[in-house]
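This report concerns only the one structure given below.
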Amino acid sequence: MAKKQTVDKEKILEAAVDLFYEKGYAATSIRDISRVLKISIATLYYYFQDKENLLFTVVEDMGNQLLGELNEAKDQANDPLDGLKQMMSRHILLTEKANKRAKIFVEEKHNLSKKSWRIVHKQDRRVYDMIINQLKEIQKQGIISIDSLPIAAFAIFGMINWCYRWYKKDGPFSIQEVSDRLIDVVLHGIINPPRKATPTS
């Protein structure tokens, strides 16, 4: 007699994450998830009311994890600039640690209902506000050259969110090296400053 597989919410979420990552949310059915776990659809519905509730849970959990990382980085920083560096580094490292969930977090939000989307949008806004506030503190020190802090904040948030698309664990750079180099791009750009002409006698 086959042993019945035990299941809990976390195992269901893990199976959903794997399928959403591999097939996409739209192409994944509740039956697909129940089949992977070898449980009935009724058992799955006992823990989650529908497929959209699964997606919302994954996205909201990822958002809360990101906010936790950013708050901890900010609190441990020595000064505002160090805080921004630490926040960016934590965000980048999280995209590698939670790669599958990071993809779902970025790419599948549009599948949420309006009610659920508003909740996760508030999370995004909190992340944005944290970056903006950090930039404002740095700006007070007179070391920011860009006039539009919102553009800078959106650029930082967007650049980091898309790391999961191209970063490979077996690539030429470790995730820490990627973090260091992206932070350097944000803080110093990619173009060397023009050399000053050497005065002639």
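A few comments on the model shown:
- Hits in segment 37-85 (condition: in contact with a Lys or Arg (Cβ under 7 Å, 6 or more places away or on another chain) and either over 27 Å from GLU10 (Cα atoms) or small (Gly, Ala, Ser) (or both)): ALA73, GLY83
- Scanning segment 108-123 for residues that are surrounded by 17 or more Cβ atoms within 10 Å (Cβ to Cβ) and assigned to a helix (DSSP H, G or I) turns up LYS109, ASN111, SER116, VAL120, GLN123.
- LYS136 exposed (fewer than 14 other Cβ atoms within 10 Å of the Cβ) and in contact with a helix residue (DSSP H, G or I) (Cβ under 9 Å, 6 or more places away or on another chain): yes
- Out of ILE156, ILE175, ILE183, ILE104, sole residue that is within 24 Å of ASN64 (Cα to Cα) and touching a Cys at 6+ places or on another chain (Cβ under 9 Å): ILE175
- Cross-chain or 6+ apart pairs with Cβ under 7 Å, segment 15-32 first and closer than 12 Å to ASP50 by Cβ, then among the basic types (Lys, Arg): ILE30/LYS51
- Just one of the listed residues (ILE183, ILE131) is buried (at least 16 other Cβ atoms within 10 Å of the Cβ), part of a helix (DSSP H, G or I) and touching a Phe, Trp or Tyr at 6+ places or on another chain (Cβ under 9 Å), namely ILE131.
- Residue match in segment 93-107 (condition: assigned to a loop (DSSP other than H, G, I, E, B) and farther than 19 Å from GLY24 by Cα): no
- Flag if ALA42 is without any contact (Cβ under 8 Å) to a residue 24 or more places away in the chain, outside any helix (DSSP H, G or I), more than 21 Å from the chain's Cα centre (by Cα) and loosely packed, with under 15 Cβ neighbours inside 10 Å: no
- Here LYS169 clears all of (1) within 20 Å of MET87 (Cβ to Cβ); (2) under 20 Å from the mean Cα position of the chain (by Cα); (3) assigned to a loop (DSSP other than H, G, I, E, B) except the condition numbered (1).
For (1) in the same structural domain as GLN176 (by TED's automatic domain parsing); (2) outside any helix (DSSP H, G or I); (3) surrounded by 15 or more Cβ atoms within 10 Å (Cβ to Cβ), each residue gets a yes or a no:
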| site | (1), (2), (3) |
| --- | --- |
| ALA16 | no, no, yes |
| PHE20 | no, no, yes |
| TYR25 | no, yes, yes |
| GLY63 | yes, no, yes |
| GLY68 | yes, no, no |
| LEU84 | yes, no, yes |
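The values are calculated or read from the model by the stated rules, or taken from the named source; none is laboratory data. Worth saying up front: this structure is predicted, and the values here are computed from it rather than measured. Don't worry about glycine lacking a Cβ; one is built from the backbone with ideal geometry, like all the others, and counts go over all protein chains shown.
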